[in-house]
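Student: Pasting in a structure now, in structure tokens, and then I'll have a few things to ask.
The values are calculated or read from the model by the stated rules, or taken from the named source; none is laboratory data. All of these numbers come straight from a predicted model, not from anything done at the bench. Positions of Cβ are generated from backbone atoms using ideal geometry, with glycine treated the same way; all protein chains shown enter the neighbour counts. Note: areas computed on protein heavy atoms with side chains; ligands, DNA, RNA excluded. Shrake-Rupley method; radii C 1.70, N 1.55, O 1.52, S 1.80 Å.
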Amino acid sequence: MTDPHFFGYGSLVNRRTHVYAPVHRATLPGWRRIWRPTGLRPAAFLTARPAPGNRIDGLVAPVPHGDWAALDLREAGYDRLPAGDVAHRIAPAPEIAVYAIPPRADDGSDAPILLSYLDVVVQGYLTEFGEAGVARFFETTDNWSLPVADDRDAPLYPRAQELASEEAALVDAWLARQGSRIVPVERTELGPDAAP
């Protein structure tokens, strides 16, 4: 029997943040990413939402013996949903799930994107898909109007990774291209519960 798999489209694309293997590049048609502020924590989540005519790159990897407990804990706040349309090269085709924030979690706040979280995601896309993949990530992700909290020097994100200067410069250049507003971290507001 084949283990079920997850489709990762954010920090799970960065293999340094998890132990699931083997990973395979994949594409999820009919979805886009979006930064979503919610009432669940003071920093925005990176999530995905159905969007016909769109598609997002990511990785799929097995969840041994279908034991979702550790991954569900990591993805607390997200719903685990079936993702039967994922394009991949795995045979036989496994059952695949994707994590997404439910619409009911919206609160309309202006919670910021943590730069350390974005750094991890972009580093993963650069490693797996190259600069063209980073471009597709930014182009298929919405809500760049949220402020970006610069916590790079003292990361709040629990799975933060050290970036090479070229990687950091690439993130910064894309944020400038998006017209993102970089703000200092308000650690009193973005405490330990800020991190996804």
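Yes or no, residue by residue, for (1) open to solvent by 60 Å² or more (accessible area, probe 1.4 Å); (2) closer than 21 Å to D151 by Cβ; (3) in contact (Cβ under 8 Å) with a residue 12 or more places away in the chain:
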| position | (1), (2), (3) |
| --- | --- |
| A21 | yes, no, yes |
| P64 | yes, no, yes |
| D72 | no, no, no |
| Y78 | no, no, yes |
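Student: Quick one: what pairs do we get from the stretch 83-94, first residue open to solvent by less than 30 Å² (accessible area, probe 1.4 Å), second small (G, A, S), C-beta under 8 Å, 6+ apart or different chains?
Tutor: That search, which allows pairs on different chains as well, returns A83/A97; V86/A26.
Student: Looking only at the stretch 9-24, how many residues end up being within 20 Å of F138 (Cα to Cα) and either aliphatic (A, V, I, L, M) or touching a His at 6+ places or on another chain (Cβ under 8 Å) (or both)?
Tutor: Result for the stretch 9-24: 2.
Student: Continuing with this model, one more query. Just one of E131, E139, E166 is among the charged types (D, E, K, R) and either over 16 Å from G58 (Cα atoms) or in contact with a Pro (Cβ under 9 Å, 6 or more places away or on another chain) (or both); which is it? Show your work before the answer.
Tutor: Values: E131 fails: either over 16 Å from G58 (Cα atoms) or in contact with a Pro (Cβ under 9 Å, 6 or more places away or on another chain) (or both); E139 fails: either over 16 Å from G58 (Cα atoms) or in contact with a Pro (Cβ under 9 Å, 6 or more places away or on another chain) (or both).
Answer to the selection: E166.
Student: From the list V183, V120, which residue is open to solvent by less than 50 Å² (accessible area, probe 1.4 Å) and assigned to a helix (DSSP H, G or I)?
Tutor: On the way: V183 fails: assigned to a helix (DSSP H, G or I).
On inspection, the qualifying residue turns out to be V120.
Student: Is it true that G53 is outside any strand (DSSP E or B), out of contact with any strand residue (DSSP E or B) (no Cβ under 6 Å at 6 or more places or on another chain) and either open to solvent by 10 Å² or more (accessible area, probe 1.4 Å) or free of Cβ contacts under 8 Å to residues at least 60 places away in the same chain (or both)?
Tutor: Details: outside any strand (DSSP E or B): no; out of contact with any strand residue (DSSP E or B) (no Cβ under 6 Å at 6 or more places or on another chain): yes; either open to solvent by 10 Å² or more (accessible area, probe 1.4 Å) or free of Cβ contacts under 8 Å to residues at least 60 places away in the same chain (or both): yes.
No; evaluated as a whole, the condition is false for this residue.
Student: Of the residues in the stretch 56-91, how many are part of a helix (DSSP H, G or I) and of a type outside the set (G, A, S)? Let's see the steps before the verdict.
Tutor: At the first step, the residues of the stretch 56-91 found to be part of a helix (DSSP H, G or I) are 64-66, 69-74.
With of a type outside the set (G, A, S) added as a condition, the list becomes 64-65, 71-74.
Result for the stretch 56-91: 6.
Student: Among the residues of the stretch 135-171, count how many are hydrophobic (A, V, I, L, M, F, W, C), assigned to a helix (DSSP H, G or I) and touching a Phe, Trp or Tyr at 6+ places or on another chain (Cβ under 9 Å).
Tutor: Of the residues in the stretch 135-171, the ones hydrophobic (A, V, I, L, M, F, W, C) are 135, 137-138, 144, 146, 148-149, 154, 156, 160, 163-164, 168-171.
This time we only want the ones that are assigned to a helix (DSSP H, G or I), so: 135, 137-138, 168-171.
Checking which are touching a Phe, Trp or Tyr at 6+ places or on another chain (Cβ under 9 Å) leaves us with 135, 137-138.
Qualifying residue count for the region: 3.
Student: How about the stretch 1-39: which of its residues are outside any strand (DSSP E or B) and farther than 24 Å from D67 by Cβ?
Tutor: As a first pass, look at the stretch 1-39 and keep what is outside any strand (DSSP E or B): 1-4, 9-23, 39.
Of everything in the stretch 1-39, just one residue is outside any strand (DSSP E or B) and farther than 24 Å from D67 by Cβ, namely G39.
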